[in-house]
């Protein structure tokens, strides 16, 4: 059997790039479409087989160590089982059944960005202009991948099919296998003059602005999908999708329970006893509250329709305000006498054990759940 290095006309320490260049040069000379002679056809098979062995690092190492033609699983001088399976079940990309070349145009990848919102943005929704680093269509070549005035040319090795065939010996006799063309990488065409802006990719990296209307009622971790707003594909292929993941920051005053807003209102002891009216600042404007006389810590005041607009719906939730009566810690002598006099007149009962309570915050939480 002829030495593969001699067949390609390269030294035994030739680089992978040198081997590839030698193969391309010989293949152009010996390809049946260019040189129909019988001797050329046989020589073309030898050149192709030599390239198959030497272009793969593992098979080349086995060949250099004296392992026959370097094919994995070599058995008695016949081709490996991989060739047989490849023959009957189709070759790799671009050279499968039917010999169709693969397209340069590919769908772009999906992209993920994150946006941070305040709780107030969640009440009615918000608009954001998001800066995205992504791949966009090359304006120089408009996705053709070629310099202006040029275009892809049919591969002169595979004739545009994107694959090459070779005949090898196997357990079943001589079989013909198909694999992606090493010259055009399975595309069926080559680009002799690639675009200088995108390097023959048909796209470039760029920063662009995406306008997004965020609906009301979103929560932390929710992802919004914008079809076709992701990266443009290679060679001007269709865009992928853009996903926007939402993160809602904590608010110092309000918290969220489903579509309801929760807050705590501190009420002085006199106001709790006598009752009063007050105005608090909500997330979307002032809210008037009426505090009834005798209100207790843990009581909940509910204001209908001042919560969050649901993600799928229009009926807003409620604003629920838990009352916390504040007991004064510092009083003067005159105030003490008044309170003592009040206690005598009301004949307030002595402190005594009552039903076990989980504490103020647990009590507020439980009452929020039941109102």
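The three principal axes of the C-alpha atoms in region 255-370 carry coordinate ranges of 57, 32, 21 Å, sorted with the longest axis first.
Taking region 102-250, how much of its Cα-Cα pair set, in percent, is spaced more than 26 angstrom apart? Let's see the in-between values first.
Numbers: 5348 of 11026 pairs.
More than 26 Å apart: 49 percent of the Cα pairs in region 102-250.
Per 0.36 nm of contour for each residue apart, how much would the distance between residue 55 and residue 28 grow if the chain were fully extended, relative to their Cα-Cα spacing?
Contour length minus the Cα-Cα distance gives 8.0 nm.
For the peptides 228-241, 49-62, 265-278, 338-351, the ranking by mean Cβ contacts within 10 Å, running from highest to lowest, is 228-241, 49-62, 265-278, 338-351.
In region 255-370, Cα pairs under 8 Å separated by at least six residues give a relative contact order of 28 percent.
No value in this document is a laboratory result; all are computed from the given coordinates. Source: prediction; values computed, not measured. When we count neighbours, we look across all protein chains shown, and the Cβ atoms used for this are built from the backbone with ideal geometry, even at glycine.
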